[in-house]
Every structure is written in C-alpha cells, then in structure tokens.
Amino acid sequence: MELVRYIHLNPLRAGIVKDLTELDRYPWSGHSAIMGLNKNEWQKVEEVLLHFSGKEARARRNYGRFVEDGIKQRGCPDLLANRINNGEGKENSDSRILGNSVFIEKVLRDANEIDRRKKERIPLPEMVKRVSVSLKVDQGDVCSGDRKSQVSKARSVGRSVISYVAVREMGYSGVEVGQVLNLSGAGVTKCIERGKTIISSNEALTEKLIS
C-alpha cells in the first residue's frame, strides 16, 4: 500500500493539483477511481479497498486518510533502494521492485505464494458446485444476479464462502469472482467479509472446498 500511496501522490508533489480535494477528482490518476469519483475499467479498485475495510464506504474513508497521512512524508523510506540479498552476502538489484531488501523479499515471497495458489487452485465453476452440494443449494441460485429473487440463507452463505476462499485462499481477483457470481466489486467485498466470519468458525469447510 505504501507504493500505491506514493504513486498516487505524485500529481500533488509535482504541483499538477494544489490539494487533496483536487487530487480526489484528478482524472489521470488511479486515486480518483479508488475514491469513487472516476471509473477506470482496467483498475481493480476493490482489491485496494479490501486492505482498508470490508465495507466500501468505510474503506474509501480509511484509504483517504492513509493517503492524506502520506502528504506529510517527504519521501518513502521503503522506496529508496531496490536491492535484495542473494544469500551469499551480496546484494543484487531487482529492477521490477522499488524498496529496501526487507520490503523486496516480502514482495517476492508474497508473489511466489500467489503463484503457488494459482497453480493449485480449482476452477471457480467447480468451487460453486462443491459449495452448492455442501450447502444443498441450487448452483443456479448461487450464481444468480436476480436481486428480486428470494435470497435464502444457504445461498447467501454460499456466495460469501466462495468469495472469501476464491480471493483470499486461492488468489482469484475480485473481478473474476464477480463475473461468476454476478456480483459487483462492492458485492464481492461484502461477501468476502461475511465469508471470513463464516470460515473462521468452520475451517473444515475450507479444507473440503480446496482439497
């Protein structure tokens, strides 16, 4: 998130905008999309907001405060170097990543974990099938985008569990999950938050879905 904040504050540092209010509406920065004042089809806004809250409005407020706090910083210590230790007492540069050795190692470790999850993850349709069987709910209902239909508790639980496991445990993006479940980005975010609560009290369910 430090890198996101650093990049999004560049228009303010460069004097292109005069204050945070102008930055919030500046169309040539991803910041305005995260604040909900512009829309970029390519930008995965919900994946940034998830770091600040499971509720969209609260996440935007928390993100806004986070960016505002960054205005007081003259620079970002984690973005001053880009060297990593190669295990032999030497440091090698990795031009893909900005940050000190600890920061870079964490990024690479997280990236490797995401790659591992992607290789091992099951297809989303298969996950929907497993959840539907486990909760005894129709697959069509789980993936239905019809807001007028009666929403059963099992259907709501199913969508929440799928969203949480798919995004947090298997590395799918919120966009990918939203396409399968016919949910908006905000809808996926809410489901992930509910799914987290459900899974925390029933970890065996996660194992059943991904094993």
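The values are calculated or read from the model by the stated rules, or taken from the named source; none is laboratory data. Everything numeric here is computed off the predicted structure, so don't read it as measured data. All Cβ positions, even for glycine, are placed from backbone atoms using ideal geometry, and neighbour counts span all protein chains on display.
Is there any pair linking a residue in the range 1-14 that is within 13 Å of residue 68 (Cα to Cα) to one that is of a type in the set (D, E, K, R) and in a helix (DSSP H, G or I), with Cβ under 6 Å and at least six apart or on different chains, and which?
Close Cβ pairs satisfying both conditions: 2/78.
Is the range 173-188 home to any residue that is surrounded by fewer than 19 Cβ atoms within 10 Å (Cβ to Cβ) and more than 26 Å from residue 59 (Cα to Cα)?
no
For residue 141, are the conditions met, namely being buried (at least 17 other Cβ atoms within 10 Å of the Cβ), of a type in the set (D, E, K, R) and modelled with pLDDT of 60 or more?
Judged against the criteria, residue 141 is a match.
What are the residues in the range 1-35 that are buried (at least 16 other Cβ atoms within 10 Å of the Cβ) and closer than 23 Å to residue 189 by Cα, if any?
Once the filter is applied, which keeps residues that are buried (at least 16 other Cβ atoms within 10 Å of the Cβ) and closer than 23 Å to residue 189 by Cα, the range 1-35 yields 2, 4, 5, 8, 24, 29, 30, 31, 32, 33, 34, 35.
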